[in-house]
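Single-structure report; data block below.
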Amino acid sequence: MLGPIEVVREGSPPRALPRRQRAMLARLILARGRVVEFDALARSVWGDEGGPADVRPALYTLASRLRGALGAGLVTELDGYALRVPGSAVDAWEFEAGLRAARAATGPAALSAYDRLLSWWRGRAFDEFADGFAAAESARLEALRSAATNERRSLLNP
């Protein structure tokens with residue numbers, strides 16, 4: 001989420017997903033393990049296009065394809081879908097956890113931690129959805145990135 005959306009599975013190169021699968025994945029990541037109801041998910045996936053008349057079968061197809069790309073973690077619930085993966089599976093979540101650790105570290109360990117975290121960024125957070133349904137989270141993560149950059153700089157120039 002720290003740039004263009006890709007799925008990385010161990011032993012395979014990063015995989016770009018079709019736009020609607022990227023939208024579904026981004027919206028599920030924003031929910032942080034909570035269920036995203038079908039209607040809310042459809043609005044994120046199709047936006048102003050409105051989507052098909054009956055969105056559930058279309059969402060089912062998208063979810064099936066997304067499961068194939070992810071391998072695991074996409075859960076069907078009675079009223080929607082949820083992404084249940086470890087925090088280390090999503091770069092944005094891992095960045096936040098790593099930032100807390102970097103802030104607690106001192107000296108060369110802190111500098112190394114900041115360097116590692118900042119190297120993960122490949123562009124704007126939630127890049128293609130940063131002006132839509134992911135706007136608030138994109139802005140929040142960008143603020144954390146800026147803070148991390150400034151904190152790293154302050155380690156070099158105390």
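The values are calculated or read from the model by the stated rules, or taken from the named source; none is laboratory data. Quick caveat, the model's predicted, so the values are computed rather than measured. Cβ placement follows ideal geometry from the backbone for every residue including glycine, while neighbour counts extend to all protein chains displayed. For the accessible areas, the whole protein counts, side chains as well, though only heavy atoms, and no ligand, DNA or RNA atoms are used. Shrake-Rupley method; radii C 1.70, N 1.55, O 1.52, S 1.80 Å.
Does Gly98 satisfy the condition of being under 20 Å from the mean Cα position of the chain (by Cα) and at positive phi?
On the way: under 20 Å from the mean Cα position of the chain (by Cα): yes; at positive phi: no.
It is false that Gly98 is under 20 Å from the mean Cα position of the chain (by Cα) and at positive phi.
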## Note on the structure
Within region 78-101, the residues that are modelled with pLDDT under 95 and over 30 Å from Ser119 (Cα atoms) are Leu78, Asp79
### Task
Mind listing whichever residues of region 113-144 are farther than 21 Å from Gly47 by Cα, open to solvent by 70 Å² or more (accessible area, probe 1.4 Å) and at pLDDT 95 or above?
Arg116, Ser119, Arg140
### Message
If I filter region 102-110 for residues that are at pLDDT below 95, hydroxyl-bearing (Ser, Thr, Tyr) and closer than 27 Å to Ala63 by Cα, do I get at least one hit?
### Response
no
### Query
Of the residues in region 1-33, how many are in a loop (DSSP other than H, G, I, E, B) and either touching a residue at least 60 places away in the same chain (Cβ under 8 Å) or surrounded by fewer than 13 Cβ atoms within 10 Å (Cβ to Cβ) (or both)?
14
